[in-house]
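S.K.: Pasting a structure below so you can have a look.
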Amino acid sequence: MRFALFRRIPADPPQLKIQHAGEAFKIALKRRPTAKRITLRVSSATGEVVLTIPERADLGTAQRFAEAHGAWIATRLARVPTRIAFEPGAVVPLRGVAHRVIHRPAARGTTRVVEGPDGPAIEVFGETPHVPRRVREFLEAEAKRDLAVAVKRYCTRLGVSAKRITVRDTTSRWGSCSARGALSFSWRLVLAPPMVLDYLAAHEVAHLRELNHSPRFWRLVKTVFPQTDEAEEWLKRHGSELHRFG
Ligand SMILES: [Zn+2]
């Protein structure tokens, strides 16, 4: 808590705005008591630009820092893939295979995979404004189903049991395992080739035996999932592309 009444510290704006080569960039401003210096970050997943500043840094310094890095921000943002919304006609990967979103506004039904005129498709019913949410919910449900099957398989092989499986939209990691044995995964894994989702399931289940990344942990993962290096390589190369969708 800051005693603005006595110290008269003006509140920080949530964002800074800078201009670079005719383009305007919005930069989220985060003041952190633990920050030792000003740092600038561009999320390769979402394109969000964040400037973190120490408790006592003044706004003018922060603004000048951001402006001095305009070219760097522009370069980073140019590398962020453009978003593909879950709208009618969009092409979305499901288990690594392109599916077109086909909208049937006049019919009733549950979102499902069908064979469309130009290949596999995700058929969505109902009013247009609901299409993106329905596609997303469908993909999340598919992710949860695939993950439940894969987790069960690796739990059986390693003689462990998972407390709970949660599917989220995470940007920093694809899966996690809590000390209590709850597993959490990104629903976006269902967009990738099945090998990748399978690998994440094996990885997190192995954490139920070894809650660390020691050589022993990696040996365990590779015992149940021999293509570990291949899956890790896929995520390194293509992982950020999965964040384009929705
Ligand atoms: Zn891990």
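The values are calculated or read from the model by the stated rules, or taken from the named source; none is laboratory data. Everything numeric here is computed off the predicted structure, so don't read it as measured data. As a convention, Cβ positions derive from the backbone with ideal geometry for all residues, glycine included, and neighbour counts pool all protein chains shown. Accessible surface is based on the protein model in full, side chains and every heavy atom, while ligands, DNA and RNA are left aside. Shrake-Rupley method; radii C 1.70, N 1.55, O 1.52, S 1.80 Å.
S.K.: On C-alpha positions alone, give me the angle between the axis of helix 194-207 and the longest principal axis of the chain, in degrees, nearest 10.
M.R.: Helix 194-207 sits roughly 70 degrees off the main axis of the chain.
S.K.: Under the rule of at least 5 residues apart or a separate chain, name every residue whose amide H is placed under 5 Å from the amide H of residue 35.
M.R.: The answer is 55.
S.K.: With +1 on the Cβ of every Lys and Arg and -1 on the Cβ of every Asp and Glu, and nothing else charged, how large is the dipole of the chain about its Cα centre, in debye rounded to the nearest 20?
M.R.: Working: 42 positive and 24 negative charges, 219 e Å.
The dipole magnitude comes to about 1040 debye.
S.K.: Could you tell me the relative contact order of region 61-186? Use alpha-carbon pairs under 8 Å, at least six residues apart, and round to a whole percent.
M.R.: Details: 153 pairs, mean separation 17.5, N = 126.
Relative contact order of region 61-186: 14 percent.
S.K.: Quick query: amide H of residue 166 versus all other amide H atoms, modeled in the peptide plane; which residues come in under 5 Å with a sequence gap of 5 or more or a different chain?
M.R.: Those lying under 5 Å, H to H, from residue 166 are 183, 184, 185.
S.K.: So, one more: For residue 104, enumerate residues with amide H under 5 Å from its amide H, sequence gap 5+ or separate chain, H modeled in the peptide plane.
M.R.: 124, 125, 126
S.K.: What per residue convex hull volume, in Å³, comes out for the chain when only alpha-carbon positions are used? Before the final figure, lay out the partial values.
M.R.: On the way: hull volume 48.2 nm³, N = 246.
For the chain, the hull spanned by Cα atoms encloses 196 Å³ per residue.
S.K.: OK, next. Taking Rh as the Kirkwood radius, which is the inverse of the mean 1/r over Cα pairs, what is the Rg/Rh value for region 24-132? Intermediate values should be presented prior to the final figure.
M.R.: Values: Rg = 21.4 Å, Rh = 17.3 Å.
Looking at region 24-132, the ratio lands at 1.24.
S.K.: Please report the net charge: other residues with Cβ closer than 12 Å to the Cβ of residue 136, K and R +1, D and E -1. Let's see the in-between values first.
M.R.: Values: positive: 133, 134, 188; negative: 87, 137, 140, 142, 169.
Here the count lands on -2.
S.K.: Oh, and also: Could you check how much of the accessible area of region 1-153 is carbon and sulfur, as a whole percent, using a 1.4 Å probe?
M.R.: 55 percent
S.K.: Can I ask one more? In a Gaussian network model over the chain where Cα atoms closer than 10 Å are linked, find which of 182, 71, 121 has the largest mean-square fluctuation.
M.R.: Comparing 182, 71, 121 in a Gaussian network model of the chain, the most mobile one is 71.
S.K.: For region 110-231, what is the percent of antiparallel DSSP beta bridges, rounded to the nearest 5? If you can, show how the numbers build up before the last one.
M.R.: Values: 8 of 13 bridges.
Here the share of antiparallel DSSP bridges comes out near 60 percent.
S.K.: Heavy atoms only, 1.4 Å probe, whole protein assembly: order 238, 207 by accessible area, highest first.
M.R.: 238, 207
S.K.: While we're on this one: What is the chain's relative contact order, in percent, from Cα pairs under 8 angstrom and six or more apart in sequence?
M.R.: Averaging sequence separation for qualifying contacts and normalising by length gives 15 percent for the chain.
S.K.: Determine the calculated [θ] at 222 nm for the chain from helices alone, applying -39500 (n - 2.57) to every DSSP H run no shorter than 4 residues and normalising by the residue count; nearest 500 deg cm²/dmol.
M.R.: That calculation yields -11000 deg cm²/dmol at 222 nm.
S.K.: Something else: Report the local net charge at residue 159: Lys and Arg +1, Asp and Glu -1, summed over other residues whose C-beta lies under 15 Å from its C-beta.
M.R.: Around residue 159, the charge tally is +3.
S.K.: Identify all aspartates and glutamates with a Cα-Cα distance to residue 236 below 19 Å; exclude those on the same chain that are fewer than 8 residues away in sequence.
M.R.: Correct list for residue 236: 169, 198, 204.
S.K.: How big is the gap, in Å, between the Cα center of region 200-246 and the Cα center of region 152-196?
M.R.: Region 200-246 and region 152-196 have Cα centres spaced 10 Å from each other.
S.K.: Strictly over 26 Å apart at the Cα level, which of 144/222; 163/222; 30/163 would you flag in this model?
M.R.: 30/163
S.K.: Which aspartates and glutamates have a Cα less than 15 Å from the Cα of residue 17, not counting those fewer than 8 places away in the same chain?
M.R.: Straight-line reach from residue 17, under 15 Å: 48, 67.
S.K.: Can you give the % of DSSP beta bridges in region 1-148 that are antiparallel, to the nearest 5?
M.R.: Looking only at bridges with both residues in region 1-148, the antiparallel portion is about 65 percent.
S.K.: Hey, another quick one. Accessible area per residue, 1.4 Å probe, Å², for the chain: what's the number?
M.R.: Computed with neighbouring chains in place, this is 59 Å² per residue.
S.K.: Follow-up. Looking only at 60, 47, 116, which one moves most when the chain is put into a Gaussian network model with springs between Cα atoms under 10 Å?
M.R.: The residue that fluctuates most here is 60.
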